[in-house]
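Working notes for the structure below.
The values are calculated or read from the model by the stated rules, or taken from the named source; none is laboratory data. Everything numeric here is computed off the predicted structure, so don't read it as measured data. Cβ placement follows ideal geometry from the backbone for every residue including glycine, while neighbour counts extend to all protein chains displayed. What goes into the accessible areas is simple: the full protein's heavy atoms, side chains included, and nothing from ligands, DNA or RNA. Shrake-Rupley method; radii C 1.70, N 1.55, O 1.52, S 1.80 Å.
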Amino acid sequence: MKVKIFDTTLRDGEQTPGVSLTPDQKLRTAVKLDELGVDVIEAGSAITSEGERQGIKNIVSEGLNAEICSFARAVKVDIDAALDCGVDSVHLVVPTSDLHIKHKLRKTREDVKGFAVESTEYAVDHGLTVELSAEDSTRTDFDFLKEVFREGIDAGAQRICACDTVGMLTPERAYEFYGGLTDLGVPVSAHCHNDFGLAVANTLSGLRAGAAQAHVTINGIGERAGNASLEELVVALHSLYNVETGVNIGMLYDMSRTVARMTGIYLQPNKAIVGENAFAHESGIHADGVMKKAETYEPITPELVGHKRRFVMGKHVGSHIIRQKIDEMGLRVDEDRFQQIFSRIKALGDMGKCVTDVDLQAIAEDVLGVLPEKPVELEELTIVSGNKVTPTASVKLNVEGMDKLEAGVGVGPVDAAIVAIRKSMAGVADITLEEYHVDAITGGTDALIDVVIKLRNGENIVSARSTQPDIIMASVEAVLGGINKILSDKKIRESRGDSN
């Protein structure tokens, strides 16, 4: 059995509140989805706007392997807009529940059947593949639902889709529901929403019952609580059910990050499969087990999905992780000094502090009496900001003995300062800000500000922090601390002959 993947990130996913993609962003995402290996890309809803149509046209003109689909209501104007874009298919949606028919459409069941048949015939006559979809199908009278689908199939629909529009299914009912549609003679799609957190489970049940295709989005984005998550569904099929898709599983983490950047919807750390903590370990018992045999606390390897394992420091950390990190710094410590370092790390954890890589380096160097190496030092920082001024920052850095002066603009003074620093580091290290977190430690306008950041350089992720009363200086100091850690680590690897 092979399951087809219908990706609706660019349509249902873009309906996430606050998300609006440009035509260029849509094209870049679609190209990446095609590389990922999805079967169908729902590129948008052509009737929405001129920009939406241009985005769909750009995707169609790219000549991708995936089938390119447009969402359409069961009206001629929507189908004409899709035809104008040159798509391969339409996801033709008709509301079928009495709730929608009565209160939204203010029509009758017979009207709905007429819309479904007429629009399907029109689309098929104009050369489009039709996937006839029933909105709110899981709250629809089942006999009426099948009647709509039968008449749609007779009119030429090649696939049908039953939408659990407000996530009302349970896995048990999903099996019964989708199984009851498999005798209609065409492939059935499961389209599940995540209002009760069951979208992936319900989709899996629908596929087990005989559905041939799953509607999903990258990172599970979508309206309200979102849609079934592509990465969770595909990996579950692969690892738990031994069912394959055409998806390149090794691209999932990279695809997830791409969509997060494009949409501005970042993942909670504990997101399954692709979250930053999905393969992170702090507990000493867990970390020790993983270091000895990864399968002890990891059901799949991070490499399977293009992710990376990491060990986190905190009050639960074990001594072996601290020893490994100190060794990676190129420092040699005896048992007595190691215990001093270990105790101070535990004390920070007991204070509720997030222990960063730079914290460990500073503690270790302090215990050993080593002068900290700072390849990059801040010489000058100037910020201009105001209600009628674009936030602008200029920085002068001493980078390994050479002065570098750069300026940057941003959405605020902190963003502008970080942009200027990144520009200064061009050619020295490609730095990406992965995470930025700020807390006010004390009350009042003069509160101490604690900034914790994560920087990425290739596959290397480093965490750093700074605590100051000035949020801009705290942010800059944290970023520079992370950069210095990255450059120091790079020197150590080079001295060991490790090109990675």
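Sum -39500 (n - 2.57) across every DSSP H segment of at least 4 residues in the chain, then divide by the residue count to get the 222 nm mean residue ellipticity, nearest 500. Don't skip to the answer; put the middle values down first.
On the way: 15 runs with 192 residues, N = 500.
So the helix-based figure for the chain works out to -12000 deg cm²/dmol.
Annotation: the antiparallel percentage among DSSP beta bridges lying fully within the chain is about 50. In the chain, the longest principal axis of the Cα atoms and the axis of helix 199-208 are about 50 degrees apart.
Just to be sure I follow the definition: excluding the sites themselves, where is the longest run in the chain that has none of the GluC sites (Glu not before Pro) in a DSSP loop with at most 15 other Cβ atoms within 10 Å?
Values: sites that count: E62, E373, E400, E459.
By the stated rule (loop sites, at most 15 other Cβ atoms within 10 Å), 63-372.
Heavy atoms of the protein chains alone define the surface here; on that basis the chain has 45 Å² accessible area per residue at 1.4 Å probe size. Solvent-accessible area assigned to carbon and sulfur over segment 1-75 amounts to 46 percent, based on a 1.4 Å probe.
Once C-alpha pairs closer than 8 Å and six or more residues apart are averaged by separation and normalised to the residue number of segment 2-80, the relative contact order reads 33 percent. If R0 equals 45 Å, the separation of the Cβ atoms of Q158 and E303 corresponds to a calculated FRET efficiency of about 0.75. Using only the alpha-carbon atoms, how far is helix 471-495 inclined from the longest principal axis of the chain? Give it as 0 to 90 degrees, nearest 10. Value to nearest ten degrees: 80. About its Cα centre, the dipole of segment 1-115 is roughly 520 debye, where the only charges are +1 on Lys and Arg Cβ and -1 on Asp and Glu Cβ. For the chain, the longest principal axis of the alpha carbon atoms and the long axis of helix 76-85 meet at an angle near 50°. In loop segments of segment 30-135 as defined by DSSP, the trypsin sites (Lys or Arg not before Pro) with at most 14 further C-beta atoms inside 10 Å of their C-beta are R106, K107.
Can you give the direction-averaged projected area of the convex hull of the alpha-carbon atoms in segment 103-191, in nm²?
Numbers: hull surface 22.8 nm².
In nm², the orientation-averaged hull projection of segment 103-191 is 5.7.
In plain terms, the C-alpha convex hull of the chain casts an average shadow of 27.7 nm² when viewed from every direction.
Surface listing: D183, D357, D195, D154 arranged by accessible area from highest to lowest gives D154, D183, D195, D357, probe 1.4 Å.
Give me the percent relative contact order of the chain, please, defined on Cα pairs under 8 angstrom at least 6 residues apart. All intermediate terms of the calculation are to be shown ahead of the outcome.
Numbers: 990 pairs, mean separation 45.1, N = 500.
In percent, rounded to a whole number, it is 9.
Ligands, DNA and RNA left out, the accessible area of segment 368-452 computed with a 1.4 Å probe is 52% carbon and sulfur.
Solvent-accessible area assigned to carbon and sulfur over segment 152-249 amounts to 50 percent, based on a 1.4 Å probe.
Annotation: extensible slack from S394 through V438 equals 13.6 nm (criterion: 0.36 nm per residue apart, minus Cα-Cα distance).
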